[in-house]
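The values are calculated or read from the model by the stated rules, or taken from the named source; none is laboratory data. Quick caveat: nothing in here was measured; it's all calculated off a predicted structure. Virtual Cβ from ideal backbone geometry, glycine too; neighbours counted across all protein chains shown.
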Amino acid sequence: MSIDKTSCKLKSKNLQVIVNKITEATERASKGEDGVQLPDNQESITKLINNMRTYLIKDISISEEAEKSTLFQIQSTCHPFTESLSKSLGELKEQLQEEFSNSEDITETLNKLPIKPQDELFKRVFGCGQQCPFCKVPCEAGGKEHEKHHAAVHRPQGLGRYRDVATKKLVETLCTTDVHSKCKFRNTETKYEWHPYKDYMDYYPDWLIPPDSTIEASDYWKYVLVQYNERFAQEYEAKPADVPEAWRRITKEQALKGLKDAFIINNIQHTILNIFKTKQH
Ligand SMILES: [Zn+2]
Ligand SMILES: [Zn+2]
């Protein structure tokens, strides 16, 4: 978050959203139900503040008490008050903007957040608890309601224990490749009858396994299988997979890059954005 002032940019973006909302609410609140400007007297301020409270209720909770004590302190009439309000809103925005651009302690910022990014990230990675029927990658739809389970990156099916019954070798192909091929699978679900991968929905209607659009994204798992082929075989009491020669040339850097591009960076930015967007009291 310190790189390229990412956190500063996120904060500024949200600040703009908040300022816009307050400005809009002030403009709306300064008019009566008939759309006519409230008269310039002290009573109108009560109406103005009350309106603002109603319009902003979804974003800011202002207690009735706070509203009353604010009203008690205001000595001016409605129009100059509205002007002062928008002026100080502008000043506050600039002041905050400057605070954001000064170097900040990210850890401190994160500690102050009402929702912890690490919890949100965990929820996303943990998903809904379902796993791809072929490669066992967890569904990434999180706790949200979703029609179909899905994952951004699938992996060689051997990592999910899939093996060739005859040779006992772990299966090296990705499910995202197989669902677009003429290949067939069989397991307990199909009662060991061969079934085309492309018709996987016959058995797993809740899963959406897309075509392999981001080949590099799976580089990470291909690399993992190449590196730990023997150990997976041992653990799963199978024979090592026949990995394609091309996979052996994937470097650690490429593997990590694929993972970052497809997953971590997207996920973190998405999650942090959502946290900043979350309504704060
Ligand atoms: Zn899969
Ligand atoms: Zn799911």
Note on ASP119: of the conditions (1) away from ligand 1 (no atom under 14 Å from the Cβ); (2) crowded, with 16+ Cβ neighbours inside 10 Å, unmet is (2)
State the number of residues belonging to the range 131-146 that are within 22 Å of the chain's Cα centre (by Cα) and within 12 Å of ligand 1 (Cβ to nearest atom). 7
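Rundown of residues vs (1) away from ligand 2 (no atom under 16 Å from the Cβ); (2) of a type in the set (Ser, Thr, Tyr); (3) touching a Lys or Arg at 6+ places or on another chain (Cβ under 9 Å), yes/no style:
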{"site": "LEU121", "(1), (2), (3)": "yes, no, no"}
{"site": "GLN131", "(1), (2), (3)": "no, no, no"}
{"site": "ALA141", "(1), (2), (3)": "no, no, yes"}
{"site": "THR167", "(1), (2), (3)": "yes, yes, yes"}
{"site": "THR173", "(1), (2), (3)": "yes, yes, no"}
{"site": "LYS182", "(1), (2), (3)": "yes, no, yes"}
{"site": "LEU208", "(1), (2), (3)": "no, no, yes"}
Only one of LYS198, LYS182 is more than 15 Å from LYS222 (Cα to Cα), not in a loop (DSSP other than H, G, I, E, B) and not aromatic (Phe, Trp, Tyr); which? LYS198
If a residue must be of a type in the set (A, V, I, L, M) and at pLDDT 90 or above, how many such residues does the range 148-169 contain? 1
Residue tally, condition polar (S, T, N, Q) and in contact (Cβ under 8 Å) with a residue 40 or more places away in the chain, over the range 52-82: 2
So TYR204 passes all but one of these: (1) within 32 Å of the chain's Cα centre (by Cα); (2) free of Cβ contacts under 8 Å to residues at least 60 places away in the same chain. Which condition number does it fail? (2)
Go through (1) within 16 Å of ligand 2 (Cβ to nearest atom); (2) of a type outside the set (Phe, Trp, Tyr); (3) surrounded by fewer than 16 Cβ atoms within 10 Å (Cβ to Cβ) one by one and return the number of the condition ILE106 breaks. (1)
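Can you name the residue in the range 147-164 that is in a helix (DSSP H, G or I) and not polar (S, T, N, Q) and is also farthest from ligand 1 (Cβ to nearest atom) among such residues?
So, considering only residues that are in a helix (DSSP H, G or I) and not polar (S, T, N, Q), the one farthest from ligand 1 (Cβ to nearest atom) is GLY158.
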Filtering the range 161-184 down to residues that are farther than 20 Å from ALA246 by Cα and of a type in the set (Val, Ile, Thr) yields VAL165, THR167, VAL179
Only one residue in LYS182, LYS168 is basic (Lys, Arg), in contact with an Asp or Glu (Cβ under 9 Å, 6 or more places away or on another chain), more than 7 Å from ligand 1 (Cβ to nearest atom) and touching a residue at least 12 places away in the same chain (Cβ under 8 Å), so which one is that? LYS168
Among (1) touching a helix residue (DSSP H, G or I) at 6+ places or on another chain (Cβ under 7 Å); (2) touching a residue at least 24 places away in the same chain (Cβ under 8 Å); (3) of a type outside the set (Ser, Thr, Tyr), where does ILE49 come up short? (2)
Being of a type in the set (S, T, N, Q) and either in contact with a Leu (Cβ under 9 Å, 6 or more places away or on another chain) or at pLDDT 90 or above (or both) is the filter here; which residues of the range 189-245 pass it? THR190, SER218, GLN227, ASN229, GLN234
Which residues, counting only those in the range 94-141, are within 30 Å of ASN20 (Cβ to Cβ) and outside any helix (DSSP H, G or I)? ASN102, SER103, GLU104, ASP105, LEU113, PRO114, ILE115, LYS116
